[in-house]
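What follows is calculated from the coordinates using simple rules that are stated; it is not laboratory data. All figures in this text were calculated on a predicted structure; none of them were measured in a lab. Note that we place each Cβ from the backbone using ideal geometry, even for glycine, and neighbour counts take in every protein chain shown.
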Amino acid sequence: MQVNLLYRSDINASQNLVVIVQDLQQAQSYCTSEQVWQYLQKQVKDEKKEQVKLIHLNQFTHHTFVLYSPPQNKAAYYLKESYRKKGHEIASILASEDLSDLQITNAVTSDIASEAVLDVAEGVLLSTYEFLKYKSDPRKLHPLVQLTLSGQGLTEAKITALNNTVHGTFAARNLVNEPFVYLTAPQLSEEIKKLGKEAGFEVEVFDKAQIQAHNMEGLLTVNKGSLDPPTFNILTHKPDNAINEHPYILVGKGVVYDTGGLSLKPTGNSMDFMKSDMGGAAAVVGSLYALAKNNAPVYVIGLIPATDNRPGQNAIAPGDVITYSNGKSVEIMNTDAEGRLILADALIYAARFKPQLVLDFATLTGSAVRALGNHAMVMVGTANRDIKSQLLHSSEQTYERMVELPLWEEYGEPLESDIADINNLGISEAQAIIAGKFLEHFVDNYPWIHLDIAGTAYLHKPQTYKGKNGTGSGVRLMYHFLTNLVK
Ligand SMILES: [Zn+2]
């Protein structure tokens, strides 16, 4: 069951309520007695150095949550994230107190006020996510049923946009959390079609014969050891009022399960989580979902090559050579570096659309995780400074953070091969960049950005509103970035 998200012009102070204040006096009228007011003041005096302080008042007939944030000089995006995190804390209290309804409003009259209500709501909503499909009792555990937002600067449209973006994120989380026994490449295509119908984007799926007809050599090669056929998915959101003639293209790595192939992975802490190796595909599907459901006036295409990577009898062997449709030959030194092999086909295919920009999302390297942990994506690319700073701005605003690494030519040297144009592995040092250098060989005449989300797409321990397991990494970022271009 979904949380029902509503907009109201006024609130009922005698029901469960979050009130955002900058000056504590603004919270006084929400206290039901002098004792509660004194308690509230005392809590703030004990204040730790927090950007936003949460004071939970159990007023017996209802709960009041005061979010107190005195004016500070930290960056506004950092404050937004503090509100999301407080939203997560409030969602935890709702669960422990078994509260089914909540209102959020602000007593603040600055520009950031309406945003703050949305930020807290985002933190609450994202924290109510549950993946219960395989539980014998699949009833929803989180008690929240109704969330009502109110306050200055809020509009129905902003609230709907938030709701749809949250559900795009949930769609991505669901896809990542689905085990491979269900989510084969053909089933991923079925899920994409279902979500396309629900949100209003178009879906075309190439089957194996069509993939062969398009000479998608990387995808066919990685699929050689599989029992299930590959698919190539084309998702289109092209509204009549689109601001762009040429599309923005989002490419997502759709390795629905990665054993490593003949270069087999160890099981513990490695292969056992490899159902998540389609986190890039999930990011693209979730982004298209949010954009289409919100009728965003921007023309966007998603390209998702999908297969599992298995050591079947016909599997590609280390040392084999394949030749791509753009003429480039690749010596495969490690069959576990398969993501880049299938992304290459999508990057070649993208060129036919003369795209404005291509962004690819992939759980690509352990190197990205070692460099940045699960707090940021690795970004590399050939797009210009303007595009990159717009992306970095969206990255801060959504707190889907990224760090840019260089694409210097020296990093491409380890990709040299004795018998082919390049090899698919290189060396382990700076592998997150080398993987980018590999992809660059297939980028043809368009600006391009590669985002390695190996650290951010899947969490082994719960982390605030991102939860545990699939996070939906990339969806909120792309929605912000692509809709911000319109403004
Ligand atoms: Zn792999």
Would you mind counting up the charge near VAL475? Only other residues with Cβ under 14 Å from its Cβ, with Lys and Arg at +1 and Asp and Glu at -1.
+2
CD proxy at 222 nm, helix term only [per DSSP H run n ≥ 4: -39500 (n - 2.57); per residue of the chain; nearest 500]
-11000 deg cm²/dmol
Two decimals, Cα atoms only, Kirkwood Rh: what is Rg/Rh over segment 165-484?
0.93
Net charge near THR335, counting Lys/Arg +1 and Asp/Glu -1 over other residues with Cβ under 11 Å of its Cβ?
-1
What's the exposure ranking of THR160, THR105, THR307, going from fewest to most Cβ atoms within 10 Å?
THR160, THR105, THR307
Could you give the angle, 0 to 90 degrees to the nearest 10, between helix 76-97's Cα long axis and the longest principal axis of the Cα atoms of the chain?
70 degrees
Counting Lys +1, Arg +1, Asp -1, Glu -1, what net charge surrounds PRO143 among other residues with beta carbon under 15 Å of its beta carbon?
-2
Sorted by packing (mean other beta-carbon atoms within 10 Å per residue), highest first, where do 281-291, 122-132, 410-420 land?
281-291, 122-132, 410-420
Rounded if a/c is under 1.5, else prolate if a/b beats b/c, else oblate: with a ≥ b ≥ c from the C-alpha gyration tensor eigenvalues square-rooted, which is segment 375-463?
oblate
Restricting to Cα pairs under 8 Å and 6 or more apart, the percent relative contact order of the chain works out to 16 percent
Phi-derived 3J(HN,Hα) across segment 126-134 with the Karplus relation (6.51, -1.76, 1.60, θ = phi - 60°), rounded Hz, x for Gly and Pro, is 5, 7, 8, 5, 9, 10, 10, 3, 9
Between SER417 and GLN2, what is the label-point separation in nm under the 7 Å Cα-to-beta-carbon projection?
4.7 nm
Bridge type composition, segment 165-484 - antiparallel percent by DSSP, nearest 5
50 percent
So for segment 4-154, averaging the separation of alpha carbon pairs under 8 Å that are six or more residues apart and normalising by length, what relative contact order in percent results?
33 percent
Taking PHE60, PHE273 and counting other beta carbon atoms within 10 angstrom, the fewest-first order is PHE60, PHE273
